[in-house]
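Below is one structure, written out as structure tokens, with a few remarks after it.
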């Protein structure tokens, strides 16, 4: 299962629902995955933070030992297809969520997110929330 940026942020904030979902995933033994795009979004947030060192330490702690998925050619092609089709329909969700979705579809993984509104626009993408 791919953890979207919203989920990682909620874990860092000790959100009760996110922590409960993480414990459920651990108990089931599900694979925990993060995309390099989420790392990008997290570090972008760190740069804008009033306490960048504190936030960076939180992020590094969460990322330690995680399996990171990268945007390979197949995922990039799928993401471009998703992005183009959504823009054509007037339902633009932004390139990063399209790239995360492209990775998820190519790798046949679910996306765990609080951002259901955007991800539900993508045909064939399995989504979980908390």
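Quick notes on this structure:
- Cα gyration tensor shape of the range 1-54, rounded if a/c is under 1.5, else prolate or oblate by comparing a/b with b/c: oblate
- With the highest mean first, a sort of the peptides 109-121, 90-102, 56-68 on other beta-carbon atoms found within 10 angstrom per residue produces 90-102, 109-121, 56-68.
- Computed from the C-beta positions of residue 61 and residue 120, the FRET efficiency with R₀ = 25 Å rounds to 0.20.
- Relative contact order, percent, the range 2-128 [alpha-carbon distance under 8 Å, six or more residues apart]: 28
- Averaged over residues, the count of other Cβ atoms within 10 Å places the peptides 14-26, 43-55, 69-81 in the sequence 69-81, 14-26, 43-55, highest first.
- Rounded if a/c under 1.5, otherwise prolate or oblate - the range 2-128, Cα gyration tensor axes: prolate
Read-outs throughout are calculated quantities, based only on the coordinates presented, and are distinct from any laboratory measurement. Bear in mind that the values here come from a model prediction, so they are computed numbers and not experimental data. In this analysis, Cβ positions are derived from the backbone assuming ideal geometry, glycine residues included, and neighbour counts consider all displayed protein chains.
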